[in-house]
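*Asks:* One structure coming up, written as structure tokens, with questions to follow.
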Amino acid sequence: MRKEMKNSTTVGQEAYKRLLNPDSKQGIIDTQREIDKQYFQQIEECVKNHKGKLGFTGDFFVTVISKKERVMENVVRRYFIARESLPTPNYDQTVWRFNQKAGDLQYLWTVPDHNTCQEMFNNPMIVPESEDWLLQMVQLFMTGRLYHATCKQFNIAVDVDSEKPLEESLVKMK
């Protein structure tokens, strides 16, 4: 069921308006701040909607996937997906772990878009020191080690043949 919104514009209408008027006063930093306000609210909403539900009685993961709209280049949508299992790392992805017992959210990783990963991986000397944490994640991802490094960090046993978490380690998490 769709919520009725009074005096509001759609994402498409706002994006089109900004495309027509590129000299708008809102800079990229202001835009990012506005996006960040909603980001944590949406993560909390995703956790709230899945906490205690069937299949989500123990710890679970929230995957945030960023998708750039093909038609409107200045629109990026974020999808918040709850999962029982640790997802396979992929581009444009941030992963959080919700600890049911403690009731807290733990940040696991962020993998930027393909071009950013390539640039950071091939030119680590240009990455500012303040982004070393992201460079480390990109290096682990690009060398195929991010998943296993995360499993090791959070004591999630991995099946040698399938390279997927063992069911018993998922039970321990609960």
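The values are calculated or read from the model by the stated rules, or taken from the named source; none is laboratory data. Keep in mind it's a predicted model, so treat the numbers as computed, not measured. As a convention, Cβ positions derive from the backbone with ideal geometry for all residues, glycine included, and neighbour counts pool all protein chains shown.
*Asks:* Where the second residue is modelled with pLDDT under 90 and the first is surrounded by fewer than 12 Cβ atoms within 10 Å (Cβ to Cβ) and lies in region 48-61, which pairs have Cβ atoms under 6 Å and are six or more apart or on separate chains?
*Replies:* Within 6 Å, the pairs are Gly55/Glu84.
*Asks:* It is to be established whether one or more residues within region 64-73 are surrounded by 14 or more Cβ atoms within 10 Å (Cβ to Cβ) and at pLDDT below 85.
*Replies:* yes
*Asks:* Being among the acidic types (Asp, Glu) and at pLDDT 90 or above is the requirement here; does Glu45 meet it?
*Replies:* Criteria met by Glu45.
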